[in-house]
Every structure is written in structure tokens, then in C-alpha cells.
1. List the number of the failed condition for LEU73; all other conditions in (1) open to solvent by 70 Å² or more (accessible area, probe 1.4 Å); (2) at pLDDT 95 or above hold.
2. If a residue must be open to solvent by less than 20 Å² (accessible area, probe 1.4 Å) and assigned to a helix (DSSP H, G or I), how many such residues does region 216-236 contain?
3. Pick out, from region 117-215, the helices (runs of 4 or more DSSP H) lying fully within it that include 1 or more residues that are open to solvent by 30 Å² or more (accessible area, probe 1.4 Å) and touching a residue at least 24 places away in the same chain (Cβ under 8 Å).
4. Condition test on ILE89, is it in contact (Cβ under 8 Å) with a residue 60 or more places away in the chain, in contact with a strand residue (DSSP E or B) (Cβ under 9 Å, 6 or more places away or on another chain) and within 16 Å of ligand 2 (Cβ to nearest atom)?
5. Can you find a residue that is among the small types (Gly, Ala, Ser), within 18 Å of the chain's Cα centre (by Cα) and farther than 30 Å from PHE281 by Cα anywhere in region 184-195?
6. Name, by its number, the condition in (1) crowded, with 21+ Cβ neighbours inside 10 Å; (2) within 13 Å of ligand 1 (Cβ to nearest atom) that does not hold for LEU54.
7. Given the condition under 27 Å from LEU186 (Cβ atoms) and within 16 Å of ligand 2 (Cβ to nearest atom), answer yes or no: does some residue in region 290-311 qualify?
8. Among the residues of region 76-93 satisfying the criterion of being of a type in the set (D, E, K, R) and under 28 Å from ALA193 (Cβ atoms), which is least open to solvent (accessible area, probe 1.4 Å)?
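The values are calculated or read from the model by the stated rules, or taken from the named source; none is laboratory data. All figures in this text were calculated on a predicted structure; none of them were measured in a lab. For neighbour counting, all protein chains shown are included, and Cβ atoms are generated from backbone atoms with ideal geometry for every residue, glycine included. Remember, those area values only see protein heavy atoms, side chains included, never the ligands or the DNA or RNA. Shrake-Rupley method; radii C 1.70, N 1.55, O 1.52, S 1.80 Å.
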Amino acid sequence: MLEIKNLSTHFPTERGLVKAVNNVSLSLAKGEILGLVGESGCGKSMTLLSILRLVPFPGKIVGGEVTFRGCNLLEKKPAEMRTLRGQDIAMVFQDPMTTLNPVFRVGEQIGESLRIHGAMGKESFRRKYGENRKIAERKRVLELMREVGIPSAEERYLEYPHQFSGGMQQRALIAIALSCNPKLLLADEPTTALDVTIQAQILSLLEQINKEHGTGIILVTHDLGVAAEFCQRIAVMYAGSLVEIGPTDVVIEDPQHPYTIGLLRSIPKITGKKEKIKPIFGNVPDLAGLAGGCPFAPRCDFVEDACYSRDIPMRQITDNHQVRCLNSQGQNV
Ligand SMILES: Nc1ncnc2c1ncn2[C@@H]1O[C@H](COP(=O)(O)OP(=O)(O)O)[C@@H](O)[C@H]1O
Ligand SMILES: [Mg+2]
């Protein structure tokens, strides 16, 4: 359904060129949930925004292809992209309050998204919800609110975003995202701002949407544990580059890239034998003026001279497991 090839998005800055997305290639099958994981600042959001061509100035997509259902989105006209956003591809952000408008009722905001994307003009919509536009819109909005688990939808329809808890605001945003039955949902840390119990509810809501509508989902998260639980495949990103991608069980049980191994070791475990958490030493590098070679080399336990001297290509380990590492020592640790 979605195929990204060598996508590169750069930011010219005073400190040098920031390659926020550096030659990223990945694909998403119909109805699949893919987790995009990595520390803050590694380029996850910019990857999603590049797919929608919403990269903020002065950032620019400088190369690559984003093929969605057979068309290269990077070649589409701005008007075509506007139609596509929301209608075929929807995005959910980390902080719902930055997306919801505080001065409009929640129900109206969900309804507005139906109007903007022309969902109500469709014959099938009118047949299902009736000819009266106002009544039809309200019916559909209430249906969406119930679907995303907002209780007492009729009362809540009239409330303002600040009257909603964080979890409920995120549900409202998901209702907006779903209003046009998108084929692809880009979820950018949708649960980072929420308590863990609410986080689990929102994630299972996304899972339910995926099952019922076959919506493909790219779930961006800095939490490998979340990705492991909800995604069929995991892509690990570091300093603008994808460093490992594979089926979830393979990436978790047989990680090959030292960064993935480090991430896994830094997750605290509640059950089983008590193990010491091993942090990855050092910090994420400044992406401005990053030299060639493996960006993880300065923090890597298995570093060799060759790691600094050239760009490392993705290497196929098995059919669907790829890693960007010269020696993938992972097998031996
Ligand atoms: N407006 C901007 N100007 C310059 N650089 C930016 C800007 N926005 C993002 N970047 C760069 O892009 C990198 C990736 O950002 P982002 O995709 O938001 O990271 P993530 O979502 O993984 O936390 C950042 O580390 C930063 O260096
Ligand atoms: Mg982000």
C-alpha cells in the first residue's frame, strides 16, 4: 500500500545541514501496523510529515519516492495532496490540544472534518444518514464518537476540548482522523502524553480500528515496548537513518543492530529475573554536520575503524529482516 524509497528530508541550519530523514526506505502492507521507533530527535515525525508533504520550513524533501497505492506522492499537485490528506491518509499527533481548536465544540470539530473532506456529498453517505445535511452530520459524528469510545456522546458532542480529559481528547482526534475512512493512519506518539492505563486503551482502540476497517497504521513511538506489543513489524531509526527493520518477534528476540540491542536493554522488566538496566552511554548526536559513516559509531560497543569511514548500506539478514551494520555483532551477544 505504501512504499517509501530513499526518502531524504533536509534542514539547512546555521550549524550545518541537518539530514533529519536520511535515505529512508520502508514499506507498509495493506492492513499492517508498523512501529517506527527511536529516541527523540531521530527523525520519526519528519518521516511522517514527509509522507504527507507537510515538512515545516526551512525543511525540504530533497529526494526519494513515496508511493501510495501506485502513485508517487512527491509528484502530486498541492491540490491533489490536500484531497489526499484526511481522506486517504490521516494523521494523529502527540498532543491533542495543539490540534483541537479550544473555541469550538468537539462535535462541531468532528463534523467540520466531514464537511471539509466532502464525505457528506457522497451518495452512500446520504443514503445511510439521510438527506438533511445537519441531521446527517450529527448522526455520523455521534457514531464516530461512540466508535472511538467517548461515553455519553450526545452530551459530549456539545462540550469544548478543555472539558475533555487527555485520553478523551485523543479519542476525539482519532474520531476526526477516522471521519473519512482513511486507508492509512499515521500516528505520531499518540499516547506519549497520556497515563499508562489510558495509553493502553488508546492503543487497543487503534488496534480495533485496524482490525475492523483494515486501516494500515504507522505507529511512531519512542517506546520499543509499545511497538513490540502492537506492531507486526518494527523499524528502528537512529539519527535520521533506519538502522534495523523486521518482524516484531525477530527484532525483539534476535536484534542485530547494536542500537536496537541497547534500546532493548534499557527497557525495565517487571516480571522474570531481576536484571540490571543497561543504559546506552552518550547522547543522540547533533544532526547538524554529521560526518559520514555510522552515526551510532561513537556510542557503539562493537565499533571498528571501518564504521567511521563510509556510509553503511542496509544488509539483508533474512527475507524480511534488514540491518545497517558492518558486523552486526548482535548474533554473538
Ligand atoms: N524547524 C527545524 N529546524 C531545524 N531542524 C529541525 C527542525 N525541525 C526538526 N529539525 C531536525 O530534525 C530532526 C528530527 O526531528 P523529528 O522528526 O521531529 O524527531 P522525532 O520525531 O524523532 O523526535 C531533529 O533532530 C532536528 O535536528
Ligand atoms: Mg516526534
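1. LEU73 satisfies all of (1) open to solvent by 70 Å² or more (accessible area, probe 1.4 Å); (2) at pLDDT 95 or above except (1).
2. Number satisfying all stated conditions: 3.
3. 133-147, 153-156, 166-178, 196-213
4. When the stated conditions are applied, ILE89 does not pass them.
5. no
6. Single failed check for LEU54: (1).
7. Step one: list which residues in region 290-311 are under 27 Å from LEU186 (Cβ atoms), which gives 290, 295-296.
In the following step, the residues that additionally are within 16 Å of ligand 2 (Cβ to nearest atom) were identified as none.
Taking every residue of region 290-311 in turn, none turns out to be under 27 Å from LEU186 (Cβ atoms) and within 16 Å of ligand 2 (Cβ to nearest atom).
8. Per the stated criteria, the residue is ASP88.
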